[in-house]
1. If you take the alpha carbon radius of gyration of the protein assembly as shown and divide it by 2.2 N^0.38 Å, what ratio comes out, to two decimals?
2. Give the total of Lys-Lys pairs in the range A:277-417 with Cα-Cα distances below 19 Å; include a pair only if its members are 8 or more places apart or on different chains.
3. Among A:546, A:508, what is the fewest-to-most ranking by other Cβ atoms within 10 Å?
4. By how many nm would the segment from residue A:238 to residue A:529 lengthen if fully extended, with 0.36 nm per residue of separation less the alpha-carbon distance?
5. Could you work out, residue by residue across B:156-164, how many beta carbons of other chains sit within 10 Å of that residue's beta carbon, and then give the average as an integer?
6. List the GluC sites (Glu not before Pro) within the range B:102-202 that DSSP assigns to loop and that have no more than 15 neighbouring Cβ atoms inside 10 Å.
7. Just to confirm the filter: which trypsin sites (Lys or Arg not before Pro) across the range B:43-132 are DSSP coil and have at most 16 other Cβ within 10 angstrom of their Cβ?
8. With +1 assigned to the C-beta of every Lys and Arg and -1 to the C-beta of every Asp and Glu, and no other charges, what is the dipole magnitude of the range B:5-126 about the Cα centre in debye, to the nearest 20?
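The numbers here are math on the coordinates, done by the rules we state, and not lab data. Everything numeric here is computed off the predicted structure, so don't read it as measured data. We place every Cβ from the backbone using ideal geometry, glycine too, and count neighbours over all the protein chains shown.
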Amino acid sequence: MKTHKVVVCVSPAPSGPRILRTAAEFASAEEAPLVALYVETPTHAAISEENSRRLDANMALAARLGARVETVFGEDVPARIAEYAHVNEVDTIILGQSVLPVWKTLFQTPLSDRLSSLLPDKTLMIIPDVSARPQRTVKISQQQENHVLKDIVTAVLLLGAATVLGILFQKAGLQEANIVTLYILCVTLTAVMTSSPAAGIVSAAASVVTFNYLFTEPLFYFQVYDPGYMITFVVMFIAAFITGTLASRLKEYAQQSSKKAFRTQILLDTSRILAQEDSRGRIMEVTAGQLLKLTGRKILIYSVADGVPDKVKVLEPDRGEDRDPAVQGTLSASPGEEEREIASWTLREGKSAGAWTEVFSRAEYLFLPVQIYAHSYGVFAIGRGEKALSSFVRSICDSIVGECALALENEYNERAREEVAVSVKNEQLRTTLLRSISHDLRTPLTSIYGNADNLLADQGNLDEATKREIYLDIRNDSYWLISVVQNLLSVTRLENAELKLDLNMELIDDVIDEALKHTDHSSGNRSVLFVRSRDDLYAEMDASLISQVIINLVNNALKYTPDASVIKVETEEISAPGKEIAVSVSDNGDGVSEEELPNLFTLFYTGQKKAPDSRRGLGLGLAVCRSIVEAHGGKICAENLIPHGLRIWFTLPEKEIILNGDVEDISGRR
Amino acid sequence: METSKILVVEDDKPVRNLITTTLRMHGYTCLEAAGGSEAVMMASSHLPSIVLLDLGLPDMDGMEVIRQIRSWSSMPILVISARSDDRDKIDALDLGADDYITKPFSVEELLARVRVTFRRLAHLQKMEGAESPLYSNAGLKIDYSANTVFLNGTELHLTQTEYRLLCLLAQNTGKVLTYNYITRNIWGSSWENNLATLRVVMTSLRRKLSSSKDSEPMIQTHVGIGYRMVKIEN
């Protein structure tokens, strides 16, 4: 299915909110994502403060209405919009447009006409706007007054310098054309060195007047005798004006492109760094680092668990290192309940909140949700600081957070893919297990069932020896079933949750004693020997699982060794590298071939060799042993013995017990 | 044996048949019940010596049966559990059951448990009436009034905790005491750390009690469950 996309063009016009709301309503009716697009032109820096404030307000409103705010750069507004619409496969473009006076349409093609000619296949919605007369009046603020003063001084000084040089030129008998060129240079320099675009024009006019006053007959009068000079003045003014305007335009371009380069650089950096991280926490931290670098303010990172803010991390500008909010002391404005509440609101609504927004505007932080499609991954909060963030920095912040959301989304998808792969593998394993079990359970069951039938149908034909053999078969087959079921239970327990091991401090000797009670005692005249060494070896373990390991090892040894073999169970303490307990089960049977050794612990590996008594093997026992031992943080190994025999040993981390003072003798009580 | 009447509570008929046949073959008298309420009723009307109780009953939870019987009687209850989860056994023991046996069990195992319980019963009857300050089991002698312990005639030097642990086990000879029960009785709480301490105390107590290597250990470990002092016949 093709998803619709609606783009609304944001402008500083006072009617902006109306257009945005209309667009939001339309987008929600269409169930389409809304993008608020602002085309930043090179004259952006020159727009009045009021317009700039309105633009920020409109952008904030767009974000609140659920639109993704994006900014593109370029002088040709319709071309940029068309390019964006084309690249992003936008279906509908909504824009507000002022109704131009008839005479203006002669010189200026309306935006909508240009757009419709550029994008013939898109839907264009125009919201007429009578009041949207771009505000040109420059309101002079205190700060700007300073700029104007500075500009005037610069212009006057340059003009003075040009005049002095002009006088010198005149004294030197150079031609007037040189002086004119000098003034044009002066205007160009003025345009470059001042911030007001008007300075160039004023300077051009002043140059003409000064030239007239000082260098043309009659001198020191604003008159000319030679009417040819009028043409000189006009040409001089036009030349000065054009070069001046070009120069100031150039300067604006330079500023614009440096801003653009900065923005591109920081976003590139972010995505490059993010690409290297693959854990959720690290991605959030790295993003916060980038935000800190950009804004120089305190950043809070809220991670998410079950849709609510979970943990919070604080990134301080001065240190730039992670610190736990709990250790910040009482004086520091560590994030509290209020912040958490706003963060959870931000998360719930998927909109930014806090400082400089309309929701929780008194908060100390600006809260930005890390959100993509319907997934919320967390919240970043940027400290209020002394000054409000400019819309330029805000938009970069939004982009960085967007990058972060994208990276988290990728990470999430990656993990989901891995989980699917693992579950598919588990599913395969389970199928193999089931097939193998149903076969291996059916065989002894058939034998028990058949033997019981035989005994029931017996009319006294079976002699005592045969009967005894049948009884023995029933008993052995039942025992085999019991051990299979035990192993299956262990497998299920391990599979369900590895972390649900019921860990307890156990004396290893006790566990071995317990296990040996459950081994198959009916195995001819093979003997099992428990060689006790120390009676104080403790390990943290799930006793029932570890005893299952010992049962499996001993039963295996009983099954695969020739008659009259001796099976030894031993314990040993290994002190290097860490303290561990090794439990080994060794026999003096035939051992296994060297190439079979590494496969012993593989699931369903039954080996080439037939058990001496031809009993079935599931290939489950040793694999279960390995899973259990590894879940306990130990390892299991097998080795052939010289001259013959097999030794399998496994290790468990040893646990030493610190006793809380119990040395007093009871005689002391008397 | 007139008094060796055993109530077998088990809903699965083949298993009940197996148990009753085995017990009858060894001279015990058996009563049968297939449900929890029937079991409670029979226990009060027939006053059996021992109750063999399966925990998974159709009409009533086995735990509830223990609770009801314990409300008026201290007759030994042997729990039969098909669940390999230790938690059930521990809960049953903490509720007042005396011992447990896990399905699948062998016939010998069943008989051994029943014998141990009868021995404990006999021991309790002997002790009845005379509140003896002296305890003896094989070579072990405890004089509660003097706080002294003798093994084969020589006095043992035990720490306070070892002594309290030994007394606790001796007073409950034949009964499986859960770790929880022991730590609560000795330290007043059942913290994780106490369990570790209990292991160490038990190890050192066993060292002091083991006079001869080959003899049957007096204190059994039930891995994952608890300890039990067994009565050793001379």
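1. Normalised Cα radius of gyration, the protein assembly as shown: 1.57.
2. Number of lysine pairs found: 5.
3. Arranged by neighbour count, lowest to highest, A:546, A:508 become A:508, A:546.
4. Length gained, residue A:238 through residue A:529: 93.6 nm.
5. 4
6. Loop-located and lightly packed - B:128, B:131.
7. Passing sites in the range B:43-132 are B:83.
8. 620 debye
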